[in-house]
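Below: the structure, in structure tokens.
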Amino acid sequence: MTALVRTAFACWTSHIQSYMDALYFTVTSLTTTVYGDIVLPDISGRTVSVVIMIGGVTLFFQLVQVAMRTTKVRHADTSCGLQRHDPDASTAKPAGLH
């Protein structure tokens, strides 16, 4: 996204003069902080900003999902053929609940 912002908008706005300016804009948009000191012009700039913000929120939710995921244990279960089960499972769960 930083490369896109740098190449597409460097000639349209005086705020993006280097790769670091584009990186700063991308990170502040990605984290939805958006200080407002760098603003992309026109509807295309706003569209790119919205895409970056949605990407940031999506990545945050993915991080929360991974952090909250329960761990699985390796347990060879001959009745269902699966290798991984919940830690408290002594046998396989009914079909569809894995």
**Breaking point among (1) at pLDDT 85 or above; (2) surrounded by 15 or more Cβ atoms within 10 Å (Cβ to Cβ), for residue 65** = (2)
**Prompt:** Checking residue 85 against (1) open to solvent by 50 Å² or more (accessible area, probe 1.4 Å); (2) modelled with pLDDT under 70; (3) not hydrophobic (A, V, I, L, M, F, W, C), which test does it fail?
**Reply:** (1)
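Would you pick out the residues in region 35-52 that are out of contact with any Asp or Glu (no Cβ under 7 Å at 6 or more places or on another chain), open to solvent by less than 60 Å² (accessible area, probe 1.4 Å) and not in a helix (DSSP H, G or I)?
Going residue by residue through region 35-52, those that are out of contact with any Asp or Glu (no Cβ under 7 Å at 6 or more places or on another chain) are 35-37, 39-52.
From what is left, the residues that are open to solvent by less than 60 Å² (accessible area, probe 1.4 Å) are 36, 40-41, 44-45, 48-49, 52.
Result: 36, 40, 41.
Restricting to region 9-26, give me the number of residues that are open to solvent by 40 Å² or more (accessible area, probe 1.4 Å) and not in a helix (DSSP H, G or I).
Here is the first cut: in region 9-26, the ones open to solvent by 40 Å² or more (accessible area, probe 1.4 Å) are 11-12, 14-15, 17-21, 23-24.
This time we only want the ones that are not in a helix (DSSP H, G or I), so: 11-12, 14-15, 17-18.
Number of matching residues: 6.
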**Message:** Any residue in region 21-35 that is in contact (Cβ under 8 Å) with a residue 12 or more places away in the chain sitting within a Cβ distance under 7 Å of a residue that is outside any loop (DSSP other than H, G, I, E, B) and of a type in the set (Ser, Thr, Tyr)? List the pairs, counting only those 6 or more apart or interchain.
**Reply:** 22/2; 23/2; 26/2; 29/49; 34/28
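The values are calculated or read from the model by the stated rules, or taken from the named source; none is laboratory data. Computed from a prediction, not measured in an experiment: that's the story for all the values here. Cβ atoms come from the backbone with ideal geometry, glycine included; neighbour counts cover every protein chain shown. For the accessible areas, the whole protein counts, side chains as well, though only heavy atoms, and no ligand, DNA or RNA atoms are used. Shrake-Rupley method; radii C 1.70, N 1.55, O 1.52, S 1.80 Å.
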